[in-house]
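The values are calculated or read from the model by the stated rules, or taken from the named source; none is laboratory data. Being a predicted model, the structure only gives us computed values, none of them experimental. Cβ sites come from the backbone with ideal geometry, for glycine too, and all protein chains shown count toward neighbours. Side chains included, ligands, DNA and RNA excluded: accessible areas come from the protein's heavy atoms. Shrake-Rupley method; radii C 1.70, N 1.55, O 1.52, S 1.80 Å.
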Amino acid sequence: MKQQPAEVGRPAPDIDLPRAGGGRWRLADHRGRPVMLVFHRHLA
Amino acid sequence: MQLQEHRSEFEATGAEIAALTFEAPRFAERYLEETAWPWPLLVDQDRRAYRDYGLIQGSRWAVLGPHLWPGYLKLIFSRAAKVEKPHDDIYQLGGNFVIDTEGRIVLAHRSRSPLDRPSVDVLLEALEQAGESGTGEK
């Protein structure tokens, strides 16, 4: 299914990724709190 | 911009904060060791989230153009950062998103150049809005 673009007012695309150092992080687990996502460019 | 320098202000909003990188786990873990990043750092090596959120690849001019050199120098000296060869794609740009309590996007900032980020004030204001939007009619 094609996902809607990530634009203001639309549902945020889900994220389910491993954490550096261990464990996983899922956006859906944080429903009920505001969330800020910071997408890095390269880390050097 | 060093968001962690404003940690108490961000945490006062009650927000969950996470960063994403497309680099290998060993570089992500080293980043955590070398910086004071206090929140989760997620590893997205296939860049699925980068694509889902519409983050862009910058042009050579957008990433390396001389108009950016003063900003790069300021960043290097302000952080006393180690300068080393990048491990990965230097053209992939980042961004910032704020999501409300119901899972809707309230701020979408896709960087147009490496130094293009929203200010701390803009982010804090969006987080305040995000915390309120789930509690009333919208």
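Brief remarks follow.
- Surface composition of chain B: carbon and sulfur atoms hold 52% of the protein heavy-atom accessible area at a 1.4 Å probe.
- Threshold 30 Å² - residues in region B:36-52 whose accessible area is reduced by that much or more when the chain is no longer isolated, probe 1.4 Å: B:PRO40, B:LEU41, B:LEU42, B:VAL43, B:ASP52
- Shown here are the Rg and Dmax of the Cα trace of the protein assembly as shown, at 16.0, 50 Å.
- For B:GLY58, net neighbour charge (Lys/Arg +1, Asp/Glu -1) across residues whose Cβ lies under 12 Å away: +2
- Between A:ALA20, A:ALA28, A:ALA12, the Gaussian network model of chain A with springs among Cα atoms under 10 angstrom shows the greatest mean-square fluctuation at A:ALA20.
- Where only DSSP H runs of four or more residues are counted, chain B gives -10000 deg cm²/dmol as its mean residue ellipticity at 222 nm, each run worth -39500 (n - 2.57).
- Between the amide H of B:TYR53 and any residue lying 5 or more places away or on another chain, no distance stays under 5 Å, with hydrogens modeled in the peptide plane.
- Chain pair A, B: total accessible area buried, heavy atoms, 1.4 Å probe, Å²: 4100 Å²
- Once the Cα-Cα distance is subtracted from the 0.36 nm per residue extended length, the B:GLU102 to B:GLU132 segment shows a gain of 9.8 nm.
- Mean shadow area of chain B, taken as a quarter of the surface of its Cα convex hull (nm²): 9.0 nm²
- Calculated accessible area for the protein assembly as shown comes out at 55 Å² per residue, all protein chains present (probe 1.4 Å; ligands, DNA, RNA ignored).
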